[in-house]
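Enquirer: Have a look at the structure that comes next, please.
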Amino acid sequence: MKVLPGGISGVDGFVSLGKHVGIKKRKKDFAVLYSQQPCQTAAVYTQNQIKGAPLHVTKEHLKDHKAQAIVVTSGVANVATGEQGLLNATNTAQAVAKELNIRDDDVLVASTGVIGTQLPMEKIEAGVKGIKQELSRNGDFAEAIMTTDTVKKEICVEHDGFRIAGAAKGVGMIEPNMATLLSFIVTDAEVAPDQLQTALKTSVDKTFNMTSIDTDTSTSDMVIVMANGHVKKVDPASFQEALDCVCLELTKMIARDGEGATKLIICQVEAAQTEDDAKKIAKSVINSPLVKTAVYGNDPNWGRLMMAIGKSGAGQIKEDKIGISINQKPVVNKGKAALEYDDKMLIDILKDNDEIVVTINLGVGDAMATAYGCDMSEEYIKINAEYTS
């Protein structure tokens, strides 16, 4: 697997743009991703029962599993906006389709930002004019979809003769359950519609759906993958491997950039009785406010990990079999402090590393799962307390 420069536009046949149209005061807030031909397309969406208007429009447009463009607005989520919100999402797609001279239902729509506010359609419609001439292989798509993100999140890889690239945004209101998580993936591989949907769900289940910043599932989540089919006879296993790689790297970028975060937390659960048990425990650890704040404060209180394991709801836990290590240093053995453990060792690990890997061995089976999260600082409270003020 080779990582290439170029991000979301690193795949032949795709161009993009990112610019400011006036939804936000100054920052880029409008993005378009365009394929030179219609693509096989698959998507997964938030399981929050309150969904943004763009999700309803995108689902309708994807009934034929085809798309040629994606338009993203940042700053206003277009959620809880009623019939007017649906009309605005539809009109945005139509305006982009007209400028690109493609079918209305080949344009997918996504929005992120404040809930309950209508989109400023006059500004958006003015910004859409002339976009075909603004599209390029160097478009600022990944930057324009950001809200409280501090860094762009994009990656492009080459594998077995094909390329796959992705961009994502999201740092808060994130526990995907397919957050304000949006991810857009493109590839030049030829992939059948059913295979594309299955491959996407497989990747999402072990990457995006295994990350959490703050346990809040957004109303706007979606992950979309578009395949233009330029590279024929792609091995399904190779495609799955590359898609997994892109989704995993974007997942780590999101967790590392969590609102107010200073450290990435990876929780690996091994030797569980079932995969479901492993997932529950891994998520319980990265979601625990006490674990997150201990990691932030370099507090060697490993008892919080035992607490998170015990409260997870996993079906088979035997306290006297639990082993825990942090960054490969033993902390717990058979449910008690490991002989090699001391507080200074753990404090030094927490102080000296911005990636904390918690490995939990349950000793009751052979199932495993990994979850991705971050620590929690005072800055998380500040960002969210002042989000709309």
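Enquirer: Could we say that residue 101 is in contact with a helix residue (DSSP H, G or I) (Cβ under 9 Å, 6 or more places away or on another chain), surrounded by fewer than 24 Cβ atoms within 10 Å (Cβ to Cβ) and on the phi > 0 side of the Ramachandran plot here?
Expert: yes
Enquirer: So the check is Cβ under 7 Å with 6+ separation or different chains; which pairs have a first residue in segment 72-86 that's over 11 Å from residue 53 (Cα atoms) and a second one that's open to solvent by 50 Å² or more (accessible area, probe 1.4 Å)?
Expert: Taking only residues 6 or more apart or on different chains, the pairs are 76/117.
Enquirer: Follow-up. Please specify each residue of segment 68-87 satisfying the condition of being open to solvent by 10 Å² or more (accessible area, probe 1.4 Å), outside any helix (DSSP H, G or I) and either charged (D, E, K, R) or over 12 Å from residue 147 (Cα atoms) (or both).
Expert: 68, 80, 81, listed by residue number.
Enquirer: While we're here: Restricting the search to segment 230-274, which residues are closer than 17 Å to residue 13 by Cβ and open to solvent by 10 Å² or more (accessible area, probe 1.4 Å)?
Expert: 230, 231, 232, 234, listed by residue number.
Enquirer: Could you list all residues from segment 264-298 that are part of a loop (DSSP other than H, G, I, E, B), modelled with pLDDT of 95 or more and over 17 Å from residue 206 (Cβ atoms)?
Expert: 273, 297, 298
Enquirer: OK, next. Need at least 1 residues that are of a type in the set (S, T, N, Q) and over 17 Å from residue 275 (Cα atoms) per element, so show me which strands (runs of 3 or more DSSP E) inside segment 300-382 make the cut, counting only ones lying wholly within it.
Expert: The qualifying strands (runs of 3 or more DSSP E) are 323-326, 329-333.
Enquirer: I would also like to ask the following. Examine segment 228-245 for a residue that is within 30 Å of residue 349 (Cβ to Cβ) and either part of a loop (DSSP other than H, G, I, E, B) or within 18 Å of the chain's Cα centre (by Cα) (or both), and state whether such a residue exists.
Expert: yes
Enquirer: Moving to a separate point now. Somewhere in segment 6-21, is a residue out of contact with any strand residue (DSSP E or B) (no Cβ under 6 Å at 6 or more places or on another chain), open to solvent by 50 Å² or more (accessible area, probe 1.4 Å), more than 13 Å from residue 184 (Cα to Cα) and at pLDDT 95 or above?
Expert: Yes, segment 6-21 has at least one match.
Enquirer: With the requirement that a residue be among the hydroxyl-bearing types (Ser, Thr, Tyr), open to solvent by 10 Å² or more (accessible area, probe 1.4 Å) and outside any strand (DSSP E or B), what does segment 26-59 give you?
Expert: Of everything in segment 26-59, nothing turns out to be among the hydroxyl-bearing types (Ser, Thr, Tyr), open to solvent by 10 Å² or more (accessible area, probe 1.4 Å) and outside any strand (DSSP E or B).
The values are calculated or read from the model by the stated rules, or taken from the named source; none is laboratory data. No experiment lies behind these values; they were computed from the predicted model shown. All Cβ positions, glycine included, derive from the backbone under ideal geometry; neighbour counts span all protein chains shown. Note: areas computed on protein heavy atoms with side chains; ligands, DNA, RNA excluded. Shrake-Rupley method; radii C 1.70, N 1.55, O 1.52, S 1.80 Å.
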